[in-house]
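The values are calculated or read from the model by the stated rules, or taken from the named source; none is laboratory data. What you see is a predicted model, and the numbers here were worked out from it, not measured in a lab. Virtual Cβ from ideal backbone geometry, glycine too; neighbours counted across all protein chains shown. All accessible areas refer to the heavy atoms of the entire protein, side chains included, with ligands and DNA or RNA removed. Shrake-Rupley method; radii C 1.70, N 1.55, O 1.52, S 1.80 Å.
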Amino acid sequence: MIGVNELTAFFGWCTVINLAIYLFSAFFIIIFKSFTVNLHSKILGVDACELPNMYFKFLGNYKIGILLLNLTPYIALKLMG
């Protein structure tokens, strides 16, 4: 059986890894915007003017997912333990 300490460590590392992925994605989209838009419009067949809105939705949904699925359980387990 997994204890509270192990679950706390698990959710802590999940939060760190997901935040790193989020920051890398946001950095890449902001700094290399033209390259990213051109690449994704060719690969996905989406109009280039629609992609910034899609990036905004992606980053927003990913951030909400990190907060709800990683950070919240981590904080709850820290309070319990």
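Being in contact with a helix residue (DSSP H, G or I) (Cβ under 7 Å, 6 or more places away or on another chain) and within 21 Å of Asn18 (Cα to Cα) is the filter; apply it to segment 46-63 and report the residue that is surrounded by the most Cβ atoms within 10 Å (Cβ to Cβ).
Here the answer is Tyr55.
Mind counting the residues in segment 22-38 that are within 12 Å of the chain's Cα centre (by Cα) and among the β-branched types (Val, Ile, Thr)?
0
Exactly one of these conditions fails for Met1: (1) under 18 Å from Pro73 (Cβ atoms); (2) open to solvent by 100 Å² or more (accessible area, probe 1.4 Å); (3) without any contact (Cβ under 8 Å) to a residue 24 or more places away in the chain; (4) part of a helix (DSSP H, G or I). Give me its number.
Against the list (1) under 18 Å from Pro73 (Cβ atoms); (2) open to solvent by 100 Å² or more (accessible area, probe 1.4 Å); (3) without any contact (Cβ under 8 Å) to a residue 24 or more places away in the chain; (4) part of a helix (DSSP H, G or I), Met1 comes up short only on (4).
Select, from Ile43, Ile66, Ile31, the only residue that is at pLDDT 95 or above and either more than 28 Å from Val16 (Cα to Cα) or open to solvent by 100 Å² or more (accessible area, probe 1.4 Å) (or both). Talk me through it step by step, then tell me what you get.
Working: Ile66 fails: either more than 28 Å from Val16 (Cα to Cα) or open to solvent by 100 Å² or more (accessible area, probe 1.4 Å) (or both); Ile31 fails: either more than 28 Å from Val16 (Cα to Cα) or open to solvent by 100 Å² or more (accessible area, probe 1.4 Å) (or both).
Answer to the selection: Ile43.
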